[in-house]
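Take a look at the structure set out below.
The values are calculated or read from the model by the stated rules, or taken from the named source; none is laboratory data. Keep in mind that what you see is a predicted model, and the values were worked out from it rather than measured. Please note: Cβ atoms are built from the backbone with ideal geometry, for glycine as well, and neighbour counts cover all protein chains shown.
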Amino acid sequence: MSLRLLGSVVVLLAAVAACATAEGTEPAPPVPMPGAEARELSVPFDRYNFSPADIMILEAAEDLLIRDCMRRRGMEWEVLPPAVADDVEPPNRRRYGVVEAEVAGLYGFRVPPDRPSVARRFAARETRTRRLPAAAREAAYGKTGSCLGEARDHLERGTPQVDEALFNRLITETFERSQQDPEVQRVFRAWSACMWEHGLRYADPLAAVADERWTGDGAPTREEIRAAQADVRCKAETALISVWSAVEKRIQDGTVRAHAAEFQALRTAKDQQLAAARRVLSAQD
């Protein structure tokens, strides 16, 4: 596994029990910009992991390197359209469940659809993959000697070895430890009492997100939207996000100190890969 793939770990963890995107037959509401509440969330591990925006940079560089490789082999390669930076998902948007009032009002507990430029990029990728001839697909993605492998080797050249298994384990362990911290347990109880005032019974915000009533296909119900809006309000009234994130910061800072060499390797590998990707992109300007 390359280090770049670790970027998905936090995204998956942040969603925890994220529900399916709404697929109702009615016209979809406009997709809001990620709010300040989501953009401002950060944890110490972010310095060592690839954010969705970082992954976009790496993938854009890979795309150009694959194109050049395919051309050398006499094959065409369609480069994907770029995504607008402000459209890209913040790394911790759903780390603590829903935090944006606008998102709660439109989508309830469900994951908002991608913003337009991100959606166009993913759609273009699917179209390209579907139309790719078998020989070109093998050249691009084959198990040995592929252009994708060549591109990743280029971006990872000279970077230190990292212990991705350890990092993955620490991501999960520190998040779980934060939920058991006395300060977080106290704020969970305050949040739960606030939700009870709205007629909703949940032990913590992740339980609200995971409610089976919200996990089906289709647009969110009025009941789901009402519950999600109450969740966001109760988080604000109890300062849940600031308390929980402060505890996570303390736990993760301690973990980084306890594994200083491993985290230094992660940081160096990340920085070097991003620098290599930016050099590829700048050479094309």
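Side notes on the structure shown:
- Number of positions in region 197-227 that are exposed (fewer than 14 other Cβ atoms within 10 Å of the Cβ), in contact (Cβ under 8 Å) with a residue 40 or more places away in the chain and charged (D, E, K, R): 1
- Those helices (runs of 4 or more DSSP H) lying entirely in region 97-164 with at least 3 residues of a type outside the set (A, V, I, L, M, F, W, C) and either closer than 30 Å to residue 239 by Cα or in contact (Cβ under 8 Å) with a residue 40 or more places away in the chain (or both): 101-107, 116-131, 147-156
- Checked against the criterion of being surrounded by 20 or more Cβ atoms within 10 Å (Cβ to Cβ) and among the polar types (S, T, N, Q), the candidates 273, 284 yield just one match: 273.
- The residue that is surrounded by the fewest Cβ atoms within 10 Å (Cβ to Cβ), among those in region 46-67 that are of a type outside the set (D, E, K, R) and farther than 30 Å from residue 174 by Cα, is 64.
- Some residue of region 11-33 being modelled with pLDDT of 50 or more and crowded, with 17+ Cβ neighbours inside 10 Å: yes
- Residue in region 50-71 that is within 30 Å of residue 203 (Cα to Cα), part of a helix (DSSP H, G or I) and out of contact with any Gly (no Cβ under 9 Å at 6 or more places or on another chain) present: no
Here's the yes/no breakdown for (1) among the hydrophobic types (A, V, I, L, M, F, W, C); (2) exposed (fewer than 15 other Cβ atoms within 10 Å of the Cβ):
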{"position": "69", "(1), (2)": "yes, no"}
{"position": "78", "(1), (2)": "no, yes"}
{"position": "89", "(1), (2)": "no, no"}
{"position": "94", "(1), (2)": "no, no"}
{"position": "98", "(1), (2)": "yes, no"}
{"position": "101", "(1), (2)": "yes, no"}
{"position": "108", "(1), (2)": "no, no"}
{"position": "115", "(1), (2)": "no, no"}
{"position": "125", "(1), (2)": "no, no"}
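- Qualifying residue in region 271-284 (condition: in contact (Cβ under 8 Å) with a residue 24 or more places away in the chain and under 23 Å from residue 175 (Cα atoms)): no
- Residue match in region 136-147 (condition: surrounded by 12 or more Cβ atoms within 10 Å (Cβ to Cβ) and within 30 Å of residue 264 (Cα to Cα)): yes
- In the set 178, 242, 192, only one residue is of a type in the set (Gly, Ala, Ser) and in contact with a Cys (Cβ under 9 Å, 6 or more places away or on another chain); that residue is 192.
- Residue check for residue 232: closer than 26 Å to residue 37 by Cα and under 21 Å from the mean Cα position of the chain (by Cα): yes
- Each residue in region 247-263 was checked for being under 22 Å from the mean Cα position of the chain (by Cα) and of a type outside the set (Lys, Arg), and 8 pass.
- Flag if residue 194 is surrounded by 13 or more Cβ atoms within 10 Å (Cβ to Cβ), under 23 Å from residue 41 (Cβ atoms) and more than 24 Å from the chain's Cα centre (by Cα): yes
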